[in-house]
1. Going by the conditions given, is Ser59 assigned to a helix (DSSP H, G or I), at negative phi and of a type in the set (S, T, N, Q)?
2. May I ask you to say which residue of Ala81, Ala39 is at pLDDT below 70 and either loosely packed, with under 14 Cβ neighbours inside 10 Å or outside any helix (DSSP H, G or I) (or both)?
3. Need the failing condition index for Val124 against (1) within 26 Å of the chain's Cα centre (by Cα); (2) more than 18 Å from Ala56 (Cα to Cα); (3) of a type in the set (Val, Ile, Thr), just the number.
4. Determine which member of the set Arg161, Arg93 is farther than 14 Å from Glu62 by Cβ, loosely packed, with under 12 Cβ neighbours inside 10 Å and of a type outside the set (Val, Ile, Thr).
5. Give all pairs with beta carbons closer than 9 Å in which a residue from segment 113-127 that is free of Cβ contacts under 8 Å to residues at least 12 places away in the same chain and open to solvent by less than 30 Å² (accessible area, probe 1.4 Å) meets a residue that is part of a strand (DSSP E or B) and of a type in the set (Ser, Thr, Tyr); count only pairs at least 6 apart in sequence or on separate chains.
6. Any chance you could count how many residues in segment 84-114 are of a type in the set (Gly, Ala, Ser) and part of a helix (DSSP H, G or I)?
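The values are calculated or read from the model by the stated rules, or taken from the named source; none is laboratory data. It should be emphasised that the depicted structure is a prediction, and the values quoted were computed from it without experimental measurement. All Cβ positions, glycine included, derive from the backbone under ideal geometry; neighbour counts span all protein chains shown. When the accessible area is computed, the model is the full protein with side chains, heavy atoms only, and any ligands, DNA or RNA have been set aside. Shrake-Rupley method; radii C 1.70, N 1.55, O 1.52, S 1.80 Å.
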Amino acid sequence: MKQHQDKHNEQGFALYLAIGFIVLISLLAGSVGTRLNIAALGEARQSDRRIALDDAEASLGEAWLTLSAQFALDETWPASASSASDVDLIADRSKCLGPHETTLTSFYASQRASTGDRARRFFVKRDGNTYRLYGCGFDEKGTRIAFGLYDVSGNNLTLNRLRRY
């Protein structure tokens with residue numbers, strides 16, 4: 001009879017051990033799944049903000065191309081150019097230039113380029129021998145900004161500073 005009871009104890013222990021192992025694996029798998037979900041959400045948020053920054057940097061590149069082409073033709077540009085005037089201009093100036101500049105209306109504004117819920121444009125201003133260029137990327141989560149400061153010496157434009165906001 002003792003041998004029969006020992007077999008039941010061993011089988012009970014094995015059953016408890018198997019259940020414990022299944023519970024442990026389930027907890028570990030759930031924990032890993034949660035961490036993966038949190039990481040995926042973080043990457044998606046970063047990706048959204050990266051797209052807006054890419055738009056801002058593309059706008060800064062467009063500003064540089066426009067400046068270099070126009071400067072070669074007219075050293076008084078952008079003072080001699082006509083800025084864009086669309087319904088989003090005031091809000092875009094405020095979002096893009098407002099945090100960094102005190103006078104917003106003295107900047108040349110490009111046309112706004114929109115793609116879905118994203119948009120971009122650039123702003124250029126000349127102060128003496130310095131050009132201030134802002135490339136702006138707008139999306140539903142906010143504004144990203146790329147800034148370039150260029151110095152004029154003779155007929156040359158020299159990069160002085162680049163920043164991202």
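1. yes
2. Ala39
3. (2)
4. Arg161
5. From residues that are free of Cβ contacts under 8 Å to residues at least 12 places away in the same chain and open to solvent by less than 30 Å² (accessible area, probe 1.4 Å), there are no pairs.
6. The first filter runs over segment 84-114 and keeps only residues of a type in the set (Gly, Ala, Ser), leaving 84-85, 91, 94, 98, 106, 109-110, 113-114.
Filter again for part of a helix (DSSP H, G or I), leaving 91, 94.
Summing the residues that are of a type in the set (Gly, Ala, Ser) and part of a helix (DSSP H, G or I) in segment 84-114 gives 2.
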